[in-house]
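Peer 1: Sending over a structure as structure tokens; questions will come in a sec.
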2 protein chains.
Amino acid sequence: MSAQIVGVGMTGFGRRPERTLRDLAIEASRAALDDAGVDVRDVEAAVVGNAMAGLMTGQESVRGQTVLRGFGLGGVPIVNVENACASGATALHLAEALVTSGRHECVLVVGVEKLYDDERAKTMAALAGAVEVTEESAGMTFMEIYAARVRAYMASYGATARHLAQIAAKNRAHGALNPYAGFRSPVSADEILTSPLVADPLRRLMCCPITDGAAAVVVCSAPFARRRDARAVTIRASVLVSGDRDADANNENVVARAATRAYEQASLGAGDVDVFEVHDAASSGELLSYASLQLCAPGDEQRLVDDGVTALGGTAPFNPSGGLQSKGNPSGATGVAQIAELVWQLRGDAGARQVSGARVGLAENAGGMVNDRTAAVCVHVLAA
Amino acid sequence: MSAQIVGVGMTGFGRRPERTLRDLAIEASRAALDDAGVDVRDVEAAVVGNAMAGLMTGQESVRGQTVLRGFGLGGVPIVNVENACASGATALHLAEALVTSGRHECVLVVGVEKLYDDERAKTMAALAGAVEVTEESAGMTFMEIYAARVRAYMASYGATARHLAQIAAKNRAHGALNPYAGFRSPVSADEILTSPLVADPLRRLMCCPITDGAAAVVVCSAPFARRRDARAVTIRASVLVSGDRDADANNENVVARAATRAYEQASLGAGDVDVFEVHDAASSGELLSYASLQLCAPGDEQRLVDDGVTALGGTAPFNPSGGLQSKGNPSGATGVAQIAELVWQLRGDAGARQVSGARVGLAENAGGMVNDRTAAVCVHVLAA
């Protein structure tokens, strides 16, 4: 029995100093229920993904109950889930199990995060709290870790910083078409290549900005969807893995392992997927995902960039939403927003950024760093 | 299809300044796998309950991956779950769904917490992070909230502080028989009644001490248990609810709502339960649970105390482990330790504190405070 998604919603992503976590969570939840045509009283449980509000606000525990208070859920179970920047997809992963186990017919998934703060040190501490402190990683930021990985790749395969700039420029062009993206002005590869260096070869305009936002999806059983005559999208695969130095020779392998299992679970291959949303916290993340997701052999990634394969209009469009480059990365919300974008694409509701005839979509959401590997990678495959 | 528990383990609960979170988590996990006769490579996923390590350590995210690193799980999915002091039972609730959904055959549940710190303000901030900050609750501690509730009860029904002392004395007598309890010296009701006042009528020896600890259980499918010829205990009910001012006229109703659903799910009544483990963070919590769990009518709770019904040897023994009074409340671990105790009881492995012939057990684990109600209550019913 597979679970279905019958409604999605999100807030605009960006800097929202005037909105509380609750404002954002409830706005996205209401939008998802409205989209589904589901009354809040029909929701049987909620799974809430948030990664960093403990350090940002001091409200360390029962964050979901706090942000959804007043929404009218009336005492249904609320589970708080965390997997760093993969918290959102992990929440969906659990909701899918709550539905397919038969325990619940209709589950609300909410991802919410506020990372922007006037006190920049607070945001930096919250982000650092997703990297395991070891002798090797002490003091390293995510961008420094990403940079080290892509430097190794560039040395092996001859990719250049321009490829990373081209990906960022592509995603910003996509984001210009997405009313939910916080950064909607297109930027050229040349502008990106002259923006300030963050960690060689990554420049500021290749790194996702710090933002706030929320996204929500309504997951339900097939009978529930049928009874409502809902426009349902099916969850064909939901796979979570943890990076592990023994299981994963390198970091790309973590994504590859999740993807292989997801394709098996969905009984399809990379060539069957019409649209991808991937975790481009730095544009290097998208570049390296092409081979991990079986779009090409390792080393051929830059060819996909050069040929425009992964741009809107190409044969395998990546991040039509604009990706994290255009939306930022409000960690708990990021993975849920990727799912919202896929659902819009698969229903033909994506407007100016619609991938024509999209029937199958894949989302890859990654988070945290433990023992020199991404701590959690979650891959979902959805089908119209 | 119901899920089964084939192994349990825990560390001693108490002050463990010399042990890391990882030490504790791995000690409990290894004990549970050894008890189950399951190799770590057969574990397909882990669900980790922790409520407060973000504020205690700064490692806000991917705590489960961090504490289980080096245990040999080899890249299986790890989900981090939080529901304040009900984090542990919530982790089991999710693991049960992961098994009954058919997604995994064998899931490790770990609850772990270190709350003791030389810097007492840090522990206080972590605990305060489980209470929603509102105008009404601002600055109130859990014990003040518990005290206000039981004062209202005492005013209505004539219970006295001595009843609370008798419960604490009973649980400390039970705890004296439990090698895992941190506080194993019996104390008399008179000693308890002369210990320092925390929040009228609660005295220090009616309130659980601040401790560290970990507990783990191995949850699996019935076929998995059969293949291993395991001594399995069945999860007959797993119910989570959130307190809600609209759904719950008073706080006792939150527990009552969870219990009613759990009895339905298990197809049995309170009279069929041989042994109870309940959340006596203050002894008032146990007193008030008697009616909520349908052992008596509201107002009759103190009669159960007077008659020794809920002591070892009584007809409905509560907290044979010694409860939170004897073990303390390492929040993420508390609910998992309750399950460990029930499994030992139902297998006849509980030694000097064995409830003779126990076949059915119930655990009630509660956490957090939102909108003036307990944020999460989780009730499990297990059967031999």
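Peer 1: If residue B:260 passes every condition in (1) more than 14 Å from chain A (Cβ to nearest Cβ); (2) within 30 Å of residue B:155 (Cα to Cα); (3) out of contact with any helix residue (DSSP H, G or I) (no Cβ under 7 Å at 6 or more places or on another chain); (4) not aromatic (Phe, Trp, Tyr) but one, which one does it miss?
Peer 2: The single condition residue B:260 does not satisfy is (1).
Peer 1: Oh, and also: Take the residues of region A:33-67 that are surrounded by fewer than 24 Cβ atoms within 10 Å (Cβ to Cβ) and polar (S, T, N, Q): which is farthest from the other protein chains (Cβ to nearest Cβ)?
Peer 2: So, considering only residues that are surrounded by fewer than 24 Cβ atoms within 10 Å (Cβ to Cβ) and polar (S, T, N, Q), the one farthest from the other protein chains (Cβ to nearest Cβ) is A:57.
Peer 1: Any idea which of B:64, B:88, B:75 is in a loop (DSSP other than H, G, I, E, B), of a type outside the set (Val, Ile, Thr) and in contact with a Ser or Thr (Cβ under 9 Å, 6 or more places away or on another chain)?
Peer 2: B:75
Peer 1: Among the residues of region A:98-109, write down those that are buried (at least 24 other Cβ atoms within 10 Å of the Cβ) and facing chain B (nearest Cβ under 7 Å).
Peer 2: A:98 - this is the single residue of region A:98-109 that is buried (at least 24 other Cβ atoms within 10 Å of the Cβ) and facing chain B (nearest Cβ under 7 Å).
Peer 1: What tally of residues in region A:1-48 results from selecting those that are part of a helix (DSSP H, G or I) and of a type in the set (S, T, N, Q)?
Peer 2: Residues in region A:1-48 being part of a helix (DSSP H, G or I) and of a type in the set (S, T, N, Q): 1 in total.
Peer 1: A further question on this structure: If a residue must be more than 26 Å from residue A:338 (Cα to Cα) and not in a strand (DSSP E or B), how many such residues does region A:184-200 contain?
Peer 2: 7
Peer 1: Mind listing just one residue for me: the one in region A:233-251 that is within 16 Å of residue A:6 (Cβ to Cβ) and surrounded by fewer than 23 Cβ atoms within 10 Å (Cβ to Cβ) and, of those, farthest from the other protein chains (Cβ to nearest Cβ)?
Peer 2: The qualifying residue farthest from the other protein chains (Cβ to nearest Cβ) is A:234.
Peer 1: Check region B:304-327 and report whether any residue there is within 29 Å of residue B:127 (Cα to Cα), among the charged types (D, E, K, R) and crowded, with 24+ Cβ neighbours inside 10 Å.
Peer 2: So far as region B:304-327 goes, yes, one or more of its residues are within 29 Å of residue B:127 (Cα to Cα), among the charged types (D, E, K, R) and crowded, with 24+ Cβ neighbours inside 10 Å.
Peer 1: Condition check: in contact with a helix residue (DSSP H, G or I) (Cβ under 7 Å, 6 or more places away or on another chain) and away from every other protein chain (no Cβ under 14 Å). Does residue A:186 satisfy that?
Peer 2: yes
The rows are residues; the columns are (1) under 24 Å from residue B:175 (Cα atoms); (2) at pLDDT 95 or above.
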position	(1), (2)
B:3	no, yes
B:7	yes, yes
B:11	yes, yes
B:16	yes, no
B:24	yes, yes
B:27	yes, yes
B:31	yes, yes
B:34	no, yes
B:39	no, yes
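Condition check ((1) small (Gly, Ala, Ser); (2) more than 11 Å from chain B (Cβ to nearest Cβ); (3) within 19 Å of the chain's Cα centre (by Cα)) across all residues:
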{"site": "A:71", "(1), (2), (3)": "no, no, no"}
{"site": "A:75", "(1), (2), (3)": "yes, no, no"}
{"site": "A:81", "(1), (2), (3)": "no, no, yes"}
{"site": "A:88", "(1), (2), (3)": "yes, yes, yes"}
{"site": "A:96", "(1), (2), (3)": "no, no, yes"}
{"site": "A:117", "(1), (2), (3)": "no, yes, no"}
{"site": "A:134", "(1), (2), (3)": "no, no, no"}
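Peer 1: Could I ask something else about it? Spot the failing condition for residue B:276; the list is (1) hydrophobic (A, V, I, L, M, F, W, C); (2) in contact with a Leu (Cβ under 7 Å, 6 or more places away or on another chain); (3) farther than 27 Å from residue B:195 by Cβ, and only one is missed.
Peer 2: So residue B:276 meets the others, but not (3).
Peer 1: Find the residue count for region A:338-384, including only residues that are surrounded by fewer than 22 Cβ atoms within 10 Å (Cβ to Cβ), within 14 Å of another protein chain (Cβ to nearest Cβ) and among the polar types (S, T, N, Q).
Peer 2: Of the residues in region A:338-384, 1 are surrounded by fewer than 22 Cβ atoms within 10 Å (Cβ to Cβ), within 14 Å of another protein chain (Cβ to nearest Cβ) and among the polar types (S, T, N, Q).
Peer 1: Related question: Give me the pairs: first residue in region A:230-258 and under 22 Å from residue A:8 (Cβ atoms), second residue basic (Lys, Arg), beta-carbon distance under 8 Å, and six or more apart or on different chains, which are they?
Peer 2: Pairs found: A:231/A:347; A:233/A:347; A:237/A:261; A:239/A:261.
Peer 1: Ok, one more. Which numbered condition in (1) in contact with a helix residue (DSSP H, G or I) (Cβ under 8 Å, 6 or more places away or on another chain); (2) on the phi < 0 side of the Ramachandran plot is the only one that residue A:322 fails?
Peer 2: Evaluating residue A:322 over (1) in contact with a helix residue (DSSP H, G or I) (Cβ under 8 Å, 6 or more places away or on another chain); (2) on the phi < 0 side of the Ramachandran plot leaves (2) as the failure.
Peer 1: Here is a list: A:178, A:171. Which entry is modelled with pLDDT of 95 or more, within 16 Å of the chain's Cα centre (by Cα) and farther than 30 Å from residue A:37 by Cβ?
Peer 2: It is A:171.
Peer 1: Would you mention how many residues in region A:187-221 are more than 14 Å from the chain's Cα centre (by Cα), hydrophobic (A, V, I, L, M, F, W, C) and closer than 30 Å to residue A:9 by Cα?
Peer 2: Of the residues in region A:187-221, 8 are more than 14 Å from the chain's Cα centre (by Cα), hydrophobic (A, V, I, L, M, F, W, C) and closer than 30 Å to residue A:9 by Cα.
Peer 1: Does residue A:173 meet the test of being more than 30 Å from residue A:104 (Cα to Cα) and either among the β-branched types (Val, Ile, Thr) or not in a strand (DSSP E or B) (or both)?
Peer 2: yes
Peer 1: Oh, and also: With the checklist (1) within 12 Å of another protein chain (Cβ to nearest Cβ); (2) β-branched (Val, Ile, Thr); (3) touching a Gly at 6+ places or on another chain (Cβ under 6 Å) in hand, flag the one item residue B:112 doesn't pass.
Peer 2: So the condition that residue B:112 fails would be (1).
Peer 1: Something else about it: Somewhere in region B:233-255, is a residue modelled with pLDDT of 95 or more, among the polar types (S, T, N, Q) and out of contact with any Gly (no Cβ under 9 Å at 6 or more places or on another chain)?
Peer 2: The answer is yes, given that some residue of region B:233-255 is modelled with pLDDT of 95 or more, among the polar types (S, T, N, Q) and out of contact with any Gly (no Cβ under 9 Å at 6 or more places or on another chain).
Peer 1: Restricting attention to region A:274-284, does a residue exist that is surrounded by fewer than 24 Cβ atoms within 10 Å (Cβ to Cβ), farther than 22 Å from residue A:87 by Cβ and either touching a residue at least 24 places away in the same chain (Cβ under 8 Å) or within 14 Å of the chain's Cα centre (by Cα) (or both)?
Peer 2: yes
Peer 1: Please verify whether residue B:213 is crowded, with 22+ Cβ neighbours inside 10 Å, within 14 Å of another protein chain (Cβ to nearest Cβ) and touching a residue at least 60 places away in the same chain (Cβ under 8 Å), treating the condition exactly as stated.
Peer 2: no
The values are calculated or read from the model by the stated rules, or taken from the named source; none is laboratory data. Please read these numbers as outputs of a predicted model, since none were measured by experiment. Using ideal geometry, Cβ is built from the backbone for each residue, glycine included, and neighbour counts are taken over all protein chains shown.
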